[in-house]
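**Q** Let me give you the structure first, and then I'll get to my questions.
The values are calculated or read from the model by the stated rules, or taken from the named source; none is laboratory data. Remember, it's a predicted structure, so these values are computed and weren't measured experimentally. A quick note on method: Cβ atoms are made from the backbone with ideal geometry, for glycine too, and the neighbour counts reach across all protein chains shown. We work out accessible area using only protein heavy atoms, side chains counted, and drop any ligands, DNA or RNA first. Shrake-Rupley method; radii C 1.70, N 1.55, O 1.52, S 1.80 Å.
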Amino acid sequence: MEMEGRRREVVVSSLQFACSDDLSSNVANAERLVREAHAKGANIVLIQELFEGYYFCQAQREDFFQRAKPYKDHPTIARMQKLAKELGVVIPVSFFEEANNAHYNSIAIIDADGTDLGIYRKSHIPDGPGYQEKFYFNPGDTGFKVFQTKFAKIGVAICWDQWFPEAARAMVLQGAEVLFYPTAIGSEPQDQGLDSRDHWRRVMQGHAGANVVPLVASNRIGKEIIETEHGPSQITFYGNSFIAGPTGEIVAEADDKTEAVLVAQFDLEKIKSKRQSWGVFRDRRPELYKVLLTMDGNL
C-alpha cells in the first residue's frame, strides 16, 4: 500500500508567565495566553503547574489547604472547558484537588470540544526546602495515563515526575505521541548558589530522545515570597519553558524572565515511523527490568 505523503500535523504550545496570588487575575492571564497560542495556530496548549496562585508549598501552613477544591464542578476547569470548546484547542488544567480527606496535585485534560477526558494525579511528591509538597499532597493513585485527544494521544505528568524516566517510558509504552510537563521550579531557598535549570532541561530532553517523542515543558517566572513559621521564604522561578523534538533537540525556548507563548509543529506520522524504525521499543527486554520494582536493587 502506498504510504508516501501521509501526514498528521499537530501544533503544540507552552505558556510561561508570572503568577500573583490572586486567582482571578491568574486565570485571566492563562486564558489570554491560551488565546494568543491559538492565534499562533496551536492545537494543544500547556499551562504551568498550579497556576491559580503562588506556589504555596514553600511553607507548611494549615490555612493553605483552603486553596484546594473538589474536581467535580471545579470553576477553573469549567472555565477552561468553555475556552477549549470556543477555540477548538486541547488544554491540560493543573489544580489543587480536594478529594474528601485526601489532597492531590492534579491535572484535568480538556479536549478540543470542551469534554473533560479525566485527571492525572501527580505520582512523585517532593519534600525539600522550598518545595514541601508532601505536607499537602497525597501520592497520586491514578498511575501514569494517556489521553486520546482530538489532535494526538498525549501523556501528561507533573513537575517532580519529570525526573523519573520510568514515568515517560510508561506513558509512551501506552501510546503517548507527545509528552507534557507543567512545572513550578526555580531557586533553592536554602542555597542561592544552586541552579538546577540546565539539569532540569537536559533530563526532559533525554525523555524525548529516549522515547522518540516531542516533549513540552511549561514553567513559571517571577519572584514569590511566602510567609512561613520561620519567616519569609523566597523562590525566583527560572522559566526556561521549552519544546523538544523527538531526538531531544530544543525547537522552541523561553528565557528566565519573560512571559512567553512557545509553539512548534510536528508531523506525528513521520515521528511514529522514526520511533518504530529506531528500535528502542522493539528491543526492550521487560523480563530483565524486575529490579525496577525494588527500592534497593535487590530482587
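**Q** Run the dipole for the range 99-220 about the Cα centre, Lys and Arg Cβ at +1, Asp and Glu Cβ at -1, nothing else charged, and hand back the magnitude in debye, nearest 20.
**A** 200
**Q** Between the range 62-84 and the range 248-299, how many Å separate their Cα centres?
**A** Spelled out, the Cα-based centre of one part sits 30 Å from the other.
**Q** Where both partners of a DSSP beta bridge lie in the chain, what percent of those bridges are antiparallel, to the nearest 5?
**A** 75
**Q** For labels at residue 210 and residue 287 in the simple 7 Å Cα→Cβ model, what's the distance in nm?
**A** 2.3
**Q** Return the carbon/sulfur percentage of the accessible area of the chain, one whole number, probe 1.4 Å, all protein chains in place.
**A** On the way: 6870 of 13500 Å².
On the chain, the fraction of accessible area on carbon and sulfur atoms equals 51 percent.
**Q** Now for a different question. Using only Cα atoms and rounding to the nearest 10 degrees, what angle (0 to 90) does helix 75-87 make with the longest principal axis of the chain?
**A** 40
**Q** Pick out, in residue order, every one of the trypsin sites (Lys or Arg not before Pro) in the range 253-283 that is DSSP loop and has at most 10 other C-beta atoms within 10 Å; say none if there are none. Please list the in-between numbers first.
**A** On the way: sites: 257, 270, 272, 274, 275, 282; in loops: 257, 282.
When the trypsin sites (Lys or Arg not before Pro) of the range 253-283 are filtered for loop state and at most 10 Cβ neighbours within 10 Å, 282 remain.
**Q** Identify which of 39, 78, 208 has the largest mean-square fluctuation in a Gaussian network model of the chain, with springs joining Cα atoms closer than 10 Å.
**A** Comparing 39, 78, 208 in the GNM, the peak value goes to 39.
**Q** Structure shown: which of 134/223; 69/272; 122/257; 85/274; 153/257; 40/257 lie over 29 Å apart, alpha-carbon to alpha-carbon?
**A** Details: 134/223 22 Å; 69/272 39 Å; 122/257 27 Å; 85/274 33 Å; 153/257 32 Å; 40/257 21 Å.
Beyond 29 Å: 69/272; 85/274; 153/257.
**Q** What's the magnitude of the charge dipole for the chain around its Cα centre, counting Lys and Arg as +1 and Asp and Glu as -1 at the beta-carbon? Answer in Debye, nearest 20.
**A** The dipole magnitude comes to about 1120 debye.
**Q** Which order do the peptides 209-220, 172-183, 95-106, 190-201 come out in when sorted by mean C-beta neighbours inside 10 angstrom, highest first?
**A** On the way: 209-220: 24.9, 172-183: 22.8, 95-106: 18.8, 190-201: 12.5.
Top of the packing list down: 209-220, 172-183, 95-106, 190-201.
**Q** Would you grab the residues whose amide H sits under 5 Å from the one on residue 264? Only those 5+ places off in sequence or on another chain, please, with H modelled 1.01 Å from N.
**A** The list, which skips near neighbours in sequence, is 12.
**Q** Considering only the range 64-219, what is the antiparallel percent among its DSSP beta bridges, to the nearest 5?
**A** For the range 64-219, the DSSP antiparallel bridge percentage is about 70.
**Q** Oh, and also: For the range 226-275, which chymotrypsin sites (Phe, Trp or Tyr not before Pro) are in a loop by DSSP, counting at most 13 other Cβ atoms within 10 Å? Walk me through the numbers on the way to the answer.
**A** Numbers: sites: 237, 238, 242, 266; in loops: none.
Of the chymotrypsin sites (Phe, Trp or Tyr not before Pro), not one in the loops of the range 226-275 has a Cβ with at most 13 other Cβ atoms within 10 Å.
**Q** In addition: Compute the angle between helix 23-39 and the longest alpha-carbon principal axis of the chain, please, reported from 0 to 90 degrees and rounded to the nearest 10.
**A** Value to nearest ten degrees: 20.
**Q** I would also like to ask the following. Here are some values of Rg and Dmax of the Cα atoms in Å: (1) 17.7, 49; (2) 18.8, 68; (3) 19.7, 71. Which one was computed from this structure?
**A** This structure yields the entry labelled (2).
**Q** When the chain is treated as a GNM, springs tying every alpha-carbon pair under 10 Å, which of 28, 59, 108 comes out with the largest mean-square fluctuation?
**A** Comparing 28, 59, 108 in the GNM, the peak value goes to 28.
**Q** Place +1 on the Cβ of every Lys and Arg and -1 on the Cβ of every Asp and Glu in the range 213-292, take the dipole about the Cα centre, and give the residue among 234, 247, 263 whose Cα lies farthest towards its positive end.
**A** In the range 213-292, that residue is 247.
**Q** Related question: Using r as the Cβ-Cβ distance of residue 228 and residue 195, and R0 as 22 Å, what FRET efficiency do you calculate, to the nearest 0.05?
**A** For residue 228 and residue 195, the calculated efficiency is 0.50.
**Q** Oh, and also: Along the charge dipole of the range 115-161, which of 137, 124, 157 sits closest to the positive end, that is, farthest toward it, with unit charges on the beta carbon of Lys, Arg, Asp and Glu (+1, +1, -1, -1)?
**A** Selected residue: 157.
**Q** Distance from the Cα centre of the range 189-238 to that of the range 30-55, in angstrom?
**A** 18
**Q** As a test, work out the antiparallel percent of DSSP beta bridges whose residues both lie in the range 203-273, rounded to the nearest 5.
**A** 95
**Q** Give, as a single signed number, the net charge of other residues whose beta carbon lies under 12 Å from the beta carbon of residue 147, with Lys and Arg counted +1 and Asp and Glu -1.
**A** 0
**Q** Would you work out which of 277, 94, 23 lies farthest towards the positive end of the dipole of the chain? Charges go on Cβ: Lys and Arg +1, Asp and Glu -1.
**A** Farthest towards the positive end: 277.
**Q** Looking at the range 126-160, which trypsin sites (Lys or Arg not before Pro) are in a loop (DSSP not H, G, I, E or B) and have at most 16 other Cβ atoms within 10 Å?
**A** Answer in residue order: 150.
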